[in-house]
């Protein structure tokens, strides 16, 4: 399957073209007890036939499968506008109350936090929040955690042994990685790592680290490009989210993969586990139907779709596991709290100041 189809919309420096997907209603389908969503509003009226608009920075292929199943279970239509999560968040800010968005589905917490801080998110219904660990959703109850991913170090197995994989992301700025490293700083997945480095090393320490990365690295425009470059021996290693390596393996076939994943030690700034989350916009015109979508995303049927999809993300609902990924989510430690990642503004400013954005 081509990398273009699997590509996620997670780049903050490049404006992705918004794609509108519309799934037609399935006649005769109704809500089921395990759907995690309701086909009726709180007042008892039917939601079937309503249409919500979802602004999504998540993986298009997985979102398409989720929307199709949601609609079959509830009769609620969903129009999806896919693109870069930062651009979509900015679009919602620009559109204000006139925005057609009912739901915002983001890959990383900072984009959600940005809208939360502006008071643009409605409180999530208890049905959605209760299905996943409370620490994986907004502390204010404004959005629900849906899935998780972890940062990893991809390395060329012909040049780097497993024992040589750095245990700390800070090590990558040292002389041992001079001319051997690749980075993709424009990926929104990279920003939370910078935020964590600011928290642990201070702004001056984080800036020095980024300057070291810049001196050591070849810069790539995406994690797809970076993981492919490592696999073909162009650079010896780089920081990515884990699922990019699995996708490359699927694309090339296992016999053509010359790279592997390593992980930073627990507690390190690079040992990042963060969530993708979804929120209902406070100005949305279809509040009940949008809340039904949030409840569906955290339900077991939806979580099972995530667990078996080609996004290779980790589901968050109890009792649902991703058996396609060889490493357990808990191996890297707890999911990073959204409050610890903030809105990402400080990290972006620091990346710009050193010339990486």
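The values are calculated or read from the model by the stated rules, or taken from the named source; none is laboratory data. Keep in mind that this is a model prediction, so the values were computed, not measured. Positions of Cβ are backbone-derived with ideal geometry, glycine not excepted, and every protein chain shown enters the neighbour counts.
Conditions tested, residue by residue: (1) outside the structural domain of residue 53 (by TED's automatic domain parsing); (2) at pLDDT below 95; (3) crowded, with 19+ Cβ neighbours inside 10 Å.
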| position | (1), (2), (3) |
| --- | --- |
| 86 | no, yes, yes |
| 143 | no, no, yes |
| 154 | yes, no, yes |
| 158 | yes, no, no |
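Results for (1) modelled with pLDDT of 95 or more; (2) assigned by TED's automatic domain parsing to the domain that holds residue 109; (3) surrounded by 21 or more Cβ atoms within 10 Å (Cβ to Cβ); (4) under 15 Å from residue 349 (Cα atoms), shown as yes or no for each residue.
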residue	(1), (2), (3), (4)
202	yes, no, no, yes
208	yes, no, no, yes
212	yes, no, no, no
218	yes, no, no, no
224	yes, no, yes, no
227	yes, no, yes, no
230	yes, no, yes, no
234	yes, no, no, no
239	yes, no, yes, no
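Checked against the criterion of being under 15 Å from residue 263 (Cα atoms), touching a helix residue (DSSP H, G or I) at 6+ places or on another chain (Cβ under 7 Å) and either surrounded by 20 or more Cβ atoms within 10 Å (Cβ to Cβ) or assigned by TED's automatic domain parsing to the domain that holds residue 107 (or both), the candidates 166, 192 yield just one match: 166.
Only a single criterion out of (1) part of a helix (DSSP H, G or I); (2) at pLDDT below 95; (3) over 23 Å from the mean Cα position of the chain (by Cα) is not satisfied by residue 5, namely (3).
Within the stretch 104-135, the set of residues being in contact with a helix residue (DSSP H, G or I) (Cβ under 8 Å, 6 or more places away or on another chain), outside any loop (DSSP other than H, G, I, E, B) and within 12 Å of residue 279 (Cβ to Cβ) comprises 104, 105, 106, 109, 111, 112, 113, 114, 115, 121, 128. List every residue pair whose Cβ atoms lie under 9 Å apart, where the two residues are 6 or more positions apart in sequence or sit on different chains, the first residue falls within the stretch 241-254 and is at pLDDT 95 or above, and the second residue, located anywhere, is surrounded by fewer than 16 Cβ atoms within 10 Å (Cβ to Cβ) and not in a loop (DSSP other than H, G, I, E, B). So the pair list comes out as 249/256. Of the helices (runs of 4 or more DSSP H) lying entirely inside the stretch 243-357, those carrying at least 1 residues that are in contact with a strand residue (DSSP E or B) (Cβ under 8 Å, 6 or more places away or on another chain) are 243-252, 287-297, 300-308, 338-341. If you go through the stretch 54-75 one residue at a time, do you hit one that is modelled with pLDDT of 90 or more, in the same structural domain as residue 287 (by TED's automatic domain parsing), over 16 Å from the mean Cα position of the chain (by Cα) and part of a strand (DSSP E or B)? No, every residue in the stretch 54-75 fails to be modelled with pLDDT of 90 or more, in the same structural domain as residue 287 (by TED's automatic domain parsing), over 16 Å from the mean Cα position of the chain (by Cα) and part of a strand (DSSP E or B).
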